[in-house]
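Single-structure report; data block below.
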Amino acid sequence: MTTTPDTVLASNRKARHDYSILDVVEAGIVLLGSEVKSLRSGQVQIVDAYARVLDHEIWLDGVHIPPYRFAVGTGAHDPDRSRKLLLNRSEIDRLGERIARERLSLVPLSLRLVGGRVKVELALAKGRKAPDKRNAIAERDSQREMQKALGRQRKGMI
């Protein structure tokens, strides 16, 4: 997989279904060389990933980056290790306070390659129950129908 300057390496589409997204923040991520090479080849799973605030630092857990196939011995990495995220202290404190106060989750939406650096798009999200998911699907369908009707009206079909 070839990468351009702003490439989406992995996306968590399930997160938008399972959570109501309240705020989105972009953070850097501390990676090893073999992890970056594995990411560039498109091998990463972030479906079950989450982030947590520990001692004024944000850590990303549940991301599976398989070992780069050409890295052996000391060059290989642990595929399921916790990875540190890079944000300003004020951002970390703001997110940590909001998570504790409102009972929210930090969920990664995507991993992107921006200017040669891997960035994580984190969402401050509130979990949805099954009825909420059905309501969101119905609302999205009604919005789609309205857009179709407006498009037909603009074209003079109605």
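The values are calculated or read from the model by the stated rules, or taken from the named source; none is laboratory data. Given the structure is predicted, the values throughout are model-derived calculations rather than measurements. Neighbour counts run over all protein chains shown; Cβ positions are idealised from the backbone, glycine included.
In table form, for the structure just shown:
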{"read-out": "Those residues of the range 103-139 which are among the basic types (Lys, Arg) and in contact (Cβ under 8 Å) with a residue 24 or more places away in the chain, in sequence order", "value": "Arg112, Arg117, Lys119, Lys126, Arg128, Lys133"}
{"read-out": "Candidate set: the range 21-38, residues that are at pLDDT below 85 and out of contact with any helix residue (DSSP H, G or I) (no Cβ under 6 Å at 6 or more places or on another chain); chosen: the one farthest from Asn135 (Cα to Cα)", "value": "Gly33"}
{"read-out": "Qualifying residue in the range 131-144 (condition: surrounded by 11 or more Cβ atoms within 10 Å (Cβ to Cβ) and touching a helix residue (DSSP H, G or I) at 6+ places or on another chain (Cβ under 6 Å))", "value": "no"}
{"read-out": "Odd one out for Lys148, checked against (1) in a helix (DSSP H, G or I); (2) at pLDDT 90 or above", "value": "(2)"}
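Conditions (1) of a type in the set (A, V, I, L, M); (2) over 21 Å from the mean Cα position of the chain (by Cα); (3) under 19 Å from Ile29 (Cβ atoms), marked per residue:
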residue	(1), (2), (3)
Ile58	yes, no, yes
Gly62	no, no, yes
Arg83	no, no, yes
Arg89	no, no, yes
Ala100	yes, no, no
Arg112	no, no, yes
Val118	yes, no, yes
Arg134	no, yes, no
